[in-house]
1. Counting helices only, and only those DSSP H runs with n ≥ 4, report the 222 nm mean residue ellipticity of the chain as the sum of -39,500 (n - 2.57) divided by its residues, in deg cm²/dmol to the nearest 500.
2. What does the charge dipole of the range 275-361 about its Cα centre add up to, to the nearest 20 debye, if the Cβ of each Lys and Arg holds +1 and the Cβ of each Asp and Glu holds -1?
3. Let me know the number of lysine pairs in the chain closer than 18 Å at the Cα, not counting same-chain pairs under 8 apart.
4. Can you work out the Karplus-derived ³J(HN,Hα) for every residue in the range 244-251? Use 6.51 cos²θ - 1.76 cosθ + 1.60 with θ = phi - 60°, whole Hz, and x for glycine or proline.
5. Pop the C-beta distance of residue 339 and residue 375 into the FRET formula with R0 = 25 Å and round what comes out to the nearest 0.05.
6. What angle, in degrees between 0 and 90 and rounded to the nearest 10, separates the Cα long axis of helix 145-158 from the longest principal axis of the Cα atoms of the chain?
7. Each label point is 7 Å from the Cα along the Cα-to-Cβ direction; what then is the distance between the points at residue 237 and residue 388, in nm?
8. For residue 94, what residues show an amide H to amide H distance below 5 Å, using hydrogens built from the backbone and excluding near sequence neighbours?
Amino acid sequence: MRRFCLLMQQHSAPTPIRLVLVGAGHAHLEVLRRCILTPLPKVELSVVSLDAYHYYSGMLPGYVAGTYPPDAVRVDVAALVRRANGRFIKARALGLDPNGRTLRLAEAEPVAYDLISFNLGSQAAGAEAEAVARHAVLLKPFSQVTTVCQRLQTLAREKSDRACHIAVVGGGAAGFEMACALEAALALAGQTRQVSVFEAAPGMLGGYSTAFRSRAAHILAHKNIAVHTGRSVRRVYADAVELDDGDTRAADLTVWLSGPAAPPVFRGCDLALDARGFLLVNDSLHALDDRRVFGVGDCATLAAYPHTPKAGVYAVRQGPVLWESLRASLSGRPLPHYRPQSGFLSILNTADGKALLRYKRLVSHSRWAWQLKDWIDRRFMARYQGLLG
């Protein structure tokens with residue numbers, strides 16, 4: 001650590017320290033906010049992201065269901081970067097070279113760094129399959145939610161004379177919420193519909209309590225949303241999905257929301273990765289074998305807490321710790337430590353003016369749960385949108 005800090009101090013004398021943030025996830029939003037409020041001296045900031053906007057995952061089902069307008073669910077990251085006197089680079093990160101301290105980009109020049117942080121989320125498992133990429137709508141990156149809304153509008157116009165079939169692949173929290181939102185959006189359009197969820201695991205919402213899962217199943221049944229568990233989708237067509245047993249089901253729109261897979265940017269980088277390819281980090285949030293590389297959110301795995309869920313609530317809590325770790329790396333101070341919370345409040349939007357809430361042993365499907373979720377989400381967004389006036 002001492003040698004690392006000396007190197008940083010020697011480098012900082014003639015030229016600024018090059019800090020690169022890769023991805024515009026929850027934790028990096030917080031770093032940008034703090035860079036605006038408390039500028040880092042002698043730091044040259046660059047932000048690399050596929051999208052100029054951060055689409056907040058917690059509000060996307062509400063956007064699809066018609067509850068929120070587009071501007072309510074997104075933050076202009078490029079504008080935040082400008083406010084922080086940084087450089088925004090709209091590009092896909094392809095690979096990391098820790099020895100040369102460079103990040104390779106698609107159709108852009110490599111970016112050199114002294115410190116680099118990754119907060120670019122995960123990929124959807126199975127999304128690399130050619131048929132999936134061609135015919136399904138992938139909700140990662142989250143900006144793809146606009147494609148979902150456009151497809152829904154087209155289907156409502158073109159298929160008003162018959163039932164519209166929607167397939168949601170993935171029975172986790174995101175799949176549950178999106179199924180409810182898609183059903184509500186088509187109902188609002190007056191469209192006859194059949195929404196189906198396909199989950200390879202024996203049941204939906206793995207990791208939740210029996211009471212919570214039972215309540216969720218009742219909600220889906222009440223909405224006439226079909227649930228097929230223990231059934232994986234092996235191929236996607238323009239108008240159907242093919243299941244693992246060869247059975248095909250009609251699907252005018254397939255939304256792919258399977259479990260998390262590691263982003264390819266870390267492949268071949270010679271840094272420690274977990275068995276699935278996620279970057280391994282310590283409790284100061286830097287790579288186990290490189291203090292210049294940080295990882296937060298879904299793209300990283302905490303070595304001391306490897307079973308921490310890939311959920312946005314953890315990235316939100318990591319934001320302030322990442323900020324302090326970056327500042328400590330620049331100044332030579334001791335790095336802070338992050339310990340994930342043992343549990344968290346979970347509120348799923350059911351797109352009917354209610355939400356399904358779980359906190360410890362409490363389970364509630366109610367209007368007050370939705371009001372609480374709406375208040376939490378709007379407050380989170382105002383924290384960053386308010387910086388832009």
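1. On the way: 10 runs with 124 residues, N = 389.
Rounded to the nearest 500, the figure is -10000 deg cm²/dmol.
2. Details: 12 positive and 6 negative charges, 59 e Å.
Here the range 275-361 has a charge dipole of around 280 debye.
3. Details: 90/140; 140/310; 223/354; 354/373; 360/373.
Lysine pairs satisfying the spacing and distance rule in the chain number 5.
4. Each residue's phi maps through the Karplus curve to give 5, 9, x, 5, 10, 10, 4, 7 Hz.
5. Values: r = 27 Å, r/R0 = 1.08.
The calculated FRET efficiency here is 0.40.
6. That works out to roughly 20 degrees.
7. 4.2 nm
8. It is 104, 105, 106, by chain and number.
The values are calculated or read from the model by the stated rules, or taken from the named source; none is laboratory data. Note that the coordinates shown come from a computational prediction; the quantities given were computed from them, not determined experimentally. FYI the Cβ positions are ideal-geometry reconstructions off the backbone, even for glycines, and counts take in every protein chain you see. Note: accessible area is taken over every heavy atom of the protein model, side chains too, but ligands, DNA and RNA are not part of it. Shrake-Rupley method; radii C 1.70, N 1.55, O 1.52, S 1.80 Å.
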